[in-house]
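Trainee: My structure is below; once you've seen it, I'll send some questions.
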Amino acid sequence: MAAGAHETSLGIDHRKLGMWTFLGSEFLFFGAFLATFLLYVQTTAGGPGVEIFDIPFTSISSFVLLMSSLTMVLAHNAHTQGDLRRMRMWILATAGQGAVFLGGQVFEFNVFVREGLTFGTSPFATSFYVLTGFHGAHVFIGILLLLTLYTFSLTGKVKPNQPLKTEMIGLYWHFVDIVWVVLFTVVYLIPELTVLD
Amino acid sequence: MSATETPQQEAEHGHHPTARDYVNIAVILGILTALEVSTYFFEFGPLGVPMLIVLMVIKFLLVVGWFMHLRFDTKVFSRLMYTGLAFALVLYSITLAALYLDNFSAMT
Amino acid sequence: MSSTTATRPGRYQRPNPREGFISWITTTDHKRIGLMYFWTVLVFFFFGGVQSALIRTQLAQAEQSVLTEEIYNQVFTMHGITMVFLVVMPFAAAFFNYLIPLMIGARDVAFPRLNAFSYWVFLFAGIFLYSSFLLGGAPNGSWVGYAPLSTDAVSNMGFYAIGINALGISSLAASINFIVTILNMRAPGMTFMRMPVFIWMALVTSFLLLFAVPIISTALFMLMFDGVYGGQFFEPATGGDPILYQHLFWLFGHPEVYIMILPTMGIISETLPVFSRKPLFGYAAVVFAGAAIGFIGFGVWAHHMFTSAMGPVARSAFALATMFIAVPTGIKIFNWVFTMWGGKLRFTTSMLFSIGFVSMFTIGGLSGVTHAIVPHNAQQHDTYYVVAHFHYVLFGGALFGLIAGVYFWFPKVTGRLMNETLGKWHFWTWLLGFNLTFGPMHMSGLLGQPRRTAVLPAELGPTVELYNLLSGVGLIILFGSALVFLYNLLASTKKGELAGEDPWDARTLEWLTTSPPKAHNWDKIPTVTHRDEFWHRKYAEDEAGRPVAVPAGAAEDVGDPRGDNAEALDEHIHMPDASYWPFVMVLGLVPLMYGLNFASAPLIAIGLLWAIIGMYGWIIEPLAEGDDDDPLDAPNPSATTGAVTY
Amino acid sequence: MRDSSAERPSPRRRTRLVPMAGFSLLALLLAACGGDATRTPQNALNPAGRYAQEPHDLITIVLIIAAVVFVLVHFLIIYSVVKYRQRKDDDGSLPVQIHGNTRLEIFWTIIPALILAGIAVPTVQMIFSQMDEPDDAFVVEVIGHRWWFEYYYPEHDIYTANEMAIPVGRPVRLQMTASDPARDPAQGVIHSFWVPRLAGKQDLIPGQMTYLNMLADEPGRYYGQCAEYCGLSHANMRIRVEALDDAAFDAWLEAQQAPAEVPADELAARGRELFGDLGERQACAACHQVWEGDGGRTPGTGPDLTHLMSREEFAGAIHDMTPENLREWLRDPNSMKSMQYEVNGIGMPDLDLTDEELDALVAYLLTLE
């Protein structure tokens, strides 16, 4: 929309406006699952509760996801400067960190299931798995998008003068990150302080 | 209403942070995360939860403001995002309050 | 016209057929998509109507069972789902699609392919829902789908949870599309306070969808996880709270009511002024009242749960909020009435339906206020009184207005007028049939007849039988009336009187272009200097407010889209090409939906993979006007004049 | 913005006419429906105690106000339509273009808001007063099953089904929850208890307790039914409330507290045997209790049958308690009421009873008075 962008009523690109609109609605999506989790945080039906969380482990994977936001924004920064080579490097780093986070989540789920917290154990279990699972699904889609961007930047479908494409995927990625910022605190750290005492 | 009719200038060409700024923000984020995790290892008493919430909000604002450029972008985006956020906070708080505080089970 | 495929080299060519079946499958033209919505809605409306006939037959007499309980429960559930999600909502979407770009002076919506995607998801989700009849029975947990009844496998509510969720995706995509279109693609000079009220209401509706759809989506996911995958969200045995589902459902469900009625309020705010030959009374008040309704509409959801497990504080709070939403609604009604006041009313069919809307909606609104009287709500709740109320809002309200819109914009779409004689027959039988069907339900409800019951009990029989009989008679009249309407539609499309470009002496921008509009809507995008721009190009007001006709040709300098150089302009306008990909991608949704419903991993995998492949095709396929971010790639830079380029 | 006030009709002219029209319309309406209590036993417009009367009085006022508003709006619509229609001799000129009137807007914002505030005050008061626990309440526990209501009288240890007896003139406090045949809240769904003449409805939630107050001023029979859609046989889940004066109520309590007698009659004795043992087939006693005085009463998954014959109807209060009906019910329960025993374990199974067994069981059931 290079020519078009300056002719829109708000002077903003359609796609960026659309992305922000979408992200606005995503708060309502995660909010509902988070509220459900809060409602059920102690409803364990005799099964495992929040004591099952491994805070040091989750802290590390949370940190990795947080730092992936840095590499993401650096990728965008490189793209704005037309430097596709550095952009690709940072994109790969971001996708890699996302994959580490996702791997951590899969590992964590496996451990929990082995310790007796299956999907249908209790409302606590279901709401935990669905909330963090949907977040994981968002991360997964993000990784797909990043890899797509990487590939297209090699084939020439994404050009050095099109940083908007990186920016859009970045917006989505950062959003997924801030959702985790909230989840990490509200799902893991705060119950660890309050429910266990 | 007409305030949202921002012409193009503000949108794209504001102050743009550099790679160095981003790294600095990331360092701050790392320190804040370390502080958060410390609540697991050390006893903060009644301060623990408020501290975690404040830290969470700061981290949120840093990522949104800098990495997502909300500080430098048009206000329309901020409005869209904060409207969604505010709706989520208010509606789900009321729902939880109704479920926790004012149903029959809570009354007995 | 759409555009220059041949001139551009590339591995992928986009399809560009202009007629035939393929042209409809691949279209990205907002007008064609709008029409597809319209005709699909008519089909679903027929199904919903048949279901209502079955319901009325069953209840015509006490202790009668034409249908078994099992079938009856499926029928009333599907009636609700159909009318809400497959008729009223997409009916409004048809208008949004067709009219938003025309009324704001744009060539298409912001994301034409996403627009096609929305339609195909809607169609296939509807087919998915109806396929349940062949696959072990339709959902029978009622349209609200309360847990834990709906998590029971015999309720077949998996179809509901998954089908409605898919419809939600369609609505969400459409709402983002319309929000961006309205915010970003208005013609030069069209400030917010110059937008037609219909556009305002479309914007508010889209925002309501934007924030409400994710909520129902979570509720339906939870329902699906509980029902199909052994989740415990609403399972009382392990401490799950069924009331949570009700909160989430109505957090969406109440805004949904306004999602259904606001588009109609927009339509009425366009038709009444035209046929009263006066501007809308209190434009600003109507707009702000509409926005206020949308906003407050999010804060009243629990009034659907007054007999649920809520304590007195919550009951009081939601009662107050509910009462006060009547204030902005009242503002609108008075403004519409005063729009007619002092005008010169022309009673076209469209005008009759508009007035009918104001009248019937007033009844629905007043009975709505009585729901807020919580102590008595406990008597009304889940009775036919409620059924009467929401039919007065959604049938007497939404549908009356939407039909007013059909008569009003039919000449725009086809270039022909609908037959007014048949139209008047349609209106009067519709009005009579409607009131005869739903008016008596107020009484049968107050007298104690609950809704959703397959049998009218003998104890209740003598009290309410007469009212049920009247309802049945009313429905027969409605069916006849609907036939008149259908015949009128089909006949007028073929041989209706030619309308010319401005049959109603209309006020808004869409009448400025040809009827039917060309694929690109405008040869030259108009510049807007007034609210009711088109009217102001025809008339000026003297100091006393009396209109004076503008001499022919005087307004030409503002930019006449029907200029003689249209042919020359044509070459330079680049419309989005047609595309197979939205359709292809949605085809992947079909195995996905069935896979989720029957917990079949292979089907889910096929569906996801298919959808992802579809998405890649979508991304890779070349854009008509070159890549968006890359002006160098655009075949003709001068072409972007006000054009949609995505 | 031009002021159109000059063209407004004087509001004073209408004021007297409109409420009168409203009142008479409503009076007609209500008179038509209050009516004969015996003919309309499930009629919310004919309340029989304060918990139904108070809301009814409030809604009457609100309906009158609504009628006034309705008449006002429609007067305006009809007046406009008649007065401002385009006439045949129209000169084709356009009317004066009025864009709005701020004073009017403020007027019709504030007036409805005031009216609503006026309605809100008694509404909120009544929400609390209706839900408050009465001082001398008689407590009955209500358990909603698919698809019948069970009543338990905790003070007297009485179980009964479908038909509920209450004392006249004394508030009854219902403690309600929902469950299902296996007494497993996991199987429970939401129901709603509604006897329109005695009180508004209140949902029964599985796993939670809800409460409802009821009061009957006069002895008599009050009908109601489940009002929250609860699946297949929702329509067949009815309620009968028998309001008894003190003497009759005490007698009822006493009779219900007595254990069932062991029948002397041979056929009935054979029936009693079958009731406890049907060989390969599931015995009646697996689900239904007939309390003969041993230990405390414990509910089975089906209705308590100890005093079956004291009730006039069975199967969710949809069938008369006649020997023929009972026999048919035992022979082929699904023909009498839609249930889901095969798929969901809900309701009465088809026990494949022979004619001889049917005779014996019916004879036995008839002795449970």
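The values are calculated or read from the model by the stated rules, or taken from the named source; none is laboratory data. For clarity, every value in this text was computed on a predicted model and none was experimentally measured. Note that each Cβ is placed from the backbone with ideal geometry, even for glycine, and that neighbours are counted across all protein chains shown.
Trainee: Go through segment C:78-126 residue by residue and tally those that are in contact (Cβ under 8 Å) with a residue 60 or more places away in the chain, more than 14 Å from chain A (Cβ to nearest Cβ) and under 23 Å from C:W581 (Cβ atoms).
Mentor: Looking only at that region, the number is 14.
Trainee: Going residue by residue through segment C:444-452, is there one that turns out to be touching a residue at least 40 places away in the same chain (Cβ under 8 Å) and more than 26 Å from D:C226 (Cβ to Cβ)?
Mentor: Scanning segment C:444-452, I find no residue that is touching a residue at least 40 places away in the same chain (Cβ under 8 Å) and more than 26 Å from D:C226 (Cβ to Cβ), so the answer is no.
Trainee: For D:A165, only one of the following conditions fails: (1) within 19 Å of C:G365 (Cα to Cα); (2) in the same structural domain as D:R221 (by TED's automatic domain parsing). What is its number?
Mentor: (1)
Trainee: Here is a follow-up. Test C:L251 against the stated conditions and say whether it is away from chain D (no Cβ under 14 Å) and not basic (K, R).
Mentor: yes
Trainee: Go through (1) over 30 Å from C:G311 (Cβ atoms); (2) within 13 Å of chain D (Cβ to nearest Cβ); (3) polar (S, T, N, Q); (4) in contact with a Pro (Cβ under 7 Å, 6 or more places away or on another chain) and name the single condition C:T383 misses.
Mentor: (1)
Trainee: Give the residues of segment D:216-262 that are buried (at least 22 other Cβ atoms within 10 Å of the Cβ) and more than 14 Å from chain C (Cβ to nearest Cβ), sorted by residue number.
Mentor: D:A216, D:A243
Trainee: Could you list all residues from segment C:415-467 that are polar (S, T, N, Q), buried (at least 20 other Cβ atoms within 10 Å of the Cβ) and more than 8 Å from every other protein chain (Cβ to nearest Cβ)?
Mentor: Step one: filter segment C:415-467 for residues polar (S, T, N, Q), giving C:419, C:421, C:429, C:435, C:437, C:444, C:449, C:453, C:463.
Next, from what is left, pick out any that are buried (at least 20 other Cβ atoms within 10 Å of the Cβ): C:419, C:437, C:444, C:449, C:453, C:463.
Once the filter is applied, which keeps residues that are polar (S, T, N, Q), buried (at least 20 other Cβ atoms within 10 Å of the Cβ) and more than 8 Å from every other protein chain (Cβ to nearest Cβ), segment C:415-467 yields C:N419, C:T437, C:S444, C:Q449.
Condition check ((1) assigned by TED's automatic domain parsing to the domain that holds D:T177; (2) within 17 Å of C:T370 (Cα to Cα)) across all residues:
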{"site": "D:I110", "(1), (2)": "no, no"}
{"site": "D:L114", "(1), (2)": "no, yes"}
{"site": "D:G118", "(1), (2)": "no, yes"}
{"site": "D:P122", "(1), (2)": "no, yes"}
{"site": "D:M126", "(1), (2)": "no, yes"}
{"site": "D:H145", "(1), (2)": "yes, no"}
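Trainee: Return only the number of the condition from (1) more than 7 Å from chain C (Cβ to nearest Cβ); (2) in contact (Cβ under 8 Å) with a residue 12 or more places away in the chain that D:D91 does not satisfy.
Mentor: Unmet condition: (2).
Trainee: Still on this structure: Have a look at A:V179, A:V195 and point out the one that is aliphatic (A, V, I, L, M) and at pLDDT 95 or above.
Mentor: Working: A:V195 fails: at pLDDT 95 or above.
The unique qualifying residue is A:V179.
Trainee: Here is a further query. Pick out the one residue from D:G300, D:G316, D:G296 that is in contact with a strand residue (DSSP E or B) (Cβ under 7 Å, 6 or more places away or on another chain) and in a loop (DSSP other than H, G, I, E, B).
Mentor: None of the others qualify; the one that does is D:G316.
Trainee: In segment A:50-68, is there at least one residue being more than 9 Å from every other protein chain (Cβ to nearest Cβ) and part of a loop (DSSP other than H, G, I, E, B)?
Mentor: Yes: one or more hits.
Trainee: What about A:T94, is it surrounded by 20 or more Cβ atoms within 10 Å (Cβ to Cβ) and within 14 Å of chain C (Cβ to nearest Cβ)?
Mentor: On the way: surrounded by 20 or more Cβ atoms within 10 Å (Cβ to Cβ): yes; within 14 Å of chain C (Cβ to nearest Cβ): no.
Spelling it out, it is not the case that A:T94 is surrounded by 20 or more Cβ atoms within 10 Å (Cβ to Cβ) and within 14 Å of chain C (Cβ to nearest Cβ).
Trainee: Checking the conditions here, which among C:F252, C:F192 is in the same structural domain as C:I169 (by TED's automatic domain parsing), hydrophobic (A, V, I, L, M, F, W, C) and surrounded by fewer than 24 Cβ atoms within 10 Å (Cβ to Cβ)? Even if it seems obvious, please write down each step before you answer.
Mentor: Working: C:F252 fails: surrounded by fewer than 24 Cβ atoms within 10 Å (Cβ to Cβ).
Among C:F252, C:F192, only C:F192 is in the same structural domain as C:I169 (by TED's automatic domain parsing), hydrophobic (A, V, I, L, M, F, W, C) and surrounded by fewer than 24 Cβ atoms within 10 Å (Cβ to Cβ).
Trainee: Now, a different point. Can you confirm whether D:Y159 is among the hydroxyl-bearing types (S, T, Y), on the phi < 0 side of the Ramachandran plot, free of Cβ contacts under 8 Å to residues at least 24 places away in the same chain and assigned by TED's automatic domain parsing to the domain that holds D:Y229?
Mentor: Numbers: among the hydroxyl-bearing types (S, T, Y): yes; on the phi < 0 side of the Ramachandran plot: yes; free of Cβ contacts under 8 Å to residues at least 24 places away in the same chain: no; assigned by TED's automatic domain parsing to the domain that holds D:Y229: yes.
When the stated conditions are applied, D:Y159 does not pass them.
Trainee: Being without any contact (Cβ under 8 Å) to a residue 12 or more places away in the chain, at negative phi, among the aliphatic types (A, V, I, L, M) and assigned by TED's automatic domain parsing to the domain that holds C:L489, is that true of even one residue in segment C:361-381?
Mentor: Yes; the residues of segment C:361-381 include at least one that is without any contact (Cβ under 8 Å) to a residue 12 or more places away in the chain, at negative phi, among the aliphatic types (A, V, I, L, M) and assigned by TED's automatic domain parsing to the domain that holds C:L489.
Trainee: Continuing with this model, one more query. Out of the residues in segment A:1-18 meeting the condition of being of a type in the set (A, V, I, L, M, F, W, C) and crowded, with 22+ Cβ neighbours inside 10 Å, tell me which one is modelled with the lowest pLDDT. Write out each step before concluding.
Mentor: Taking segment A:1-18 as the starting set, the residues that turn out to be of a type in the set (A, V, I, L, M, F, W, C) are A:1-3, A:5, A:10, A:12, A:17.
Next, only the ones that are crowded, with 22+ Cβ neighbours inside 10 Å stay: A:1, A:5, A:12, A:17.
Working: A:M1: 35, A:A5: 43, A:I12: 88, A:L17: 94.
Once the filter is applied, the top-ranked residue is A:M1.
Trainee: How about segment C:338-412: which helices (runs of 4 or more DSSP H) wholly inside it have at least 3 residues that are among the hydrophobic types (A, V, I, L, M, F, W, C)?
Mentor: Of the helices (runs of 4 or more DSSP H) lying wholly inside segment C:338-412, those with at least 3 residues that are among the hydrophobic types (A, V, I, L, M, F, W, C) span C:349-371, C:384-393.
Trainee: Residue under question is C:F47, and the condition is that it be surrounded by fewer than 23 Cβ atoms within 10 Å (Cβ to Cβ) and either closer than 23 Å to C:F583 by Cβ or at pLDDT 95 or above (or both); does it hold?
Mentor: yes
Trainee: Something else: Search segment B:55-102 for residues being surrounded by fewer than 20 Cβ atoms within 10 Å (Cβ to Cβ) and of a type in the set (S, T, N, Q), and hand back the single one that is nearest to the other protein chains (Cβ to nearest Cβ).
Mentor: Looking at residues that are surrounded by fewer than 20 Cβ atoms within 10 Å (Cβ to Cβ) and of a type in the set (S, T, N, Q), I get B:T83.
Trainee: Do the conditions hold for C:V313, that is, is it β-branched (V, I, T), more than 30 Å from D:R50 (Cα to Cα) and assigned to a helix (DSSP H, G or I)?
Mentor: Numbers: β-branched (V, I, T): yes; more than 30 Å from D:R50 (Cα to Cα): no; assigned to a helix (DSSP H, G or I): yes.
Against the criterion (β-branched (V, I, T), more than 30 Å from D:R50 (Cα to Cα) and assigned to a helix (DSSP H, G or I)), C:V313 does not qualify.
Trainee: Return yes when A:G104 is farther than 21 Å from C:Q232 by Cβ and buried (at least 20 other Cβ atoms within 10 Å of the Cβ) and no when it is not.
Mentor: Judged against the criteria, A:G104 is not a match.
Trainee: In segment C:254-270, is there at least one residue being within 14 Å of chain D (Cβ to nearest Cβ) and assigned to a helix (DSSP H, G or I)?
Mentor: yes
Trainee: Here is a follow-up. Which ones in segment D:316-355 are among the acidic types (D, E) and over 25 Å from D:A227 (Cβ atoms)?
Mentor: Passing the criteria: D:E324, D:E328, D:D332, D:E342, D:D350, D:D352, D:D355.
Trainee: Test C:G311 against the stated conditions and say whether it is surrounded by fewer than 24 Cβ atoms within 10 Å (Cβ to Cβ), within 14 Å of chain B (Cβ to nearest Cβ) and among the small types (G, A, S).
Mentor: Details: surrounded by fewer than 24 Cβ atoms within 10 Å (Cβ to Cβ): yes; within 14 Å of chain B (Cβ to nearest Cβ): yes; among the small types (G, A, S): yes.
Yes.
Trainee: Next question. Yes or no: segment C:136-148 includes at least one residue that is within 14 Å of chain A (Cβ to nearest Cβ), more than 15 Å from the chain's Cα centre (by Cα) and at pLDDT below 95.
Mentor: Residues of segment C:136-148 within 14 Å of chain A (Cβ to nearest Cβ): C:147-148.
Next cut, more than 15 Å from the chain's Cα centre (by Cα) only: C:147-148.
If we keep only those that are at pLDDT below 95 as well, we get C:147-148.
So far as segment C:136-148 goes, yes, one or more of its residues are within 14 Å of chain A (Cβ to nearest Cβ), more than 15 Å from the chain's Cα centre (by Cα) and at pLDDT below 95.
Trainee: Check whether at least one residue in segment C:169-185 is at positive phi, touching a helix residue (DSSP H, G or I) at 6+ places or on another chain (Cβ under 9 Å) and buried (at least 24 other Cβ atoms within 10 Å of the Cβ), and report yes or no.
Mentor: There is no residue in segment C:169-185 that is at positive phi, touching a helix residue (DSSP H, G or I) at 6+ places or on another chain (Cβ under 9 Å) and buried (at least 24 other Cβ atoms within 10 Å of the Cβ).
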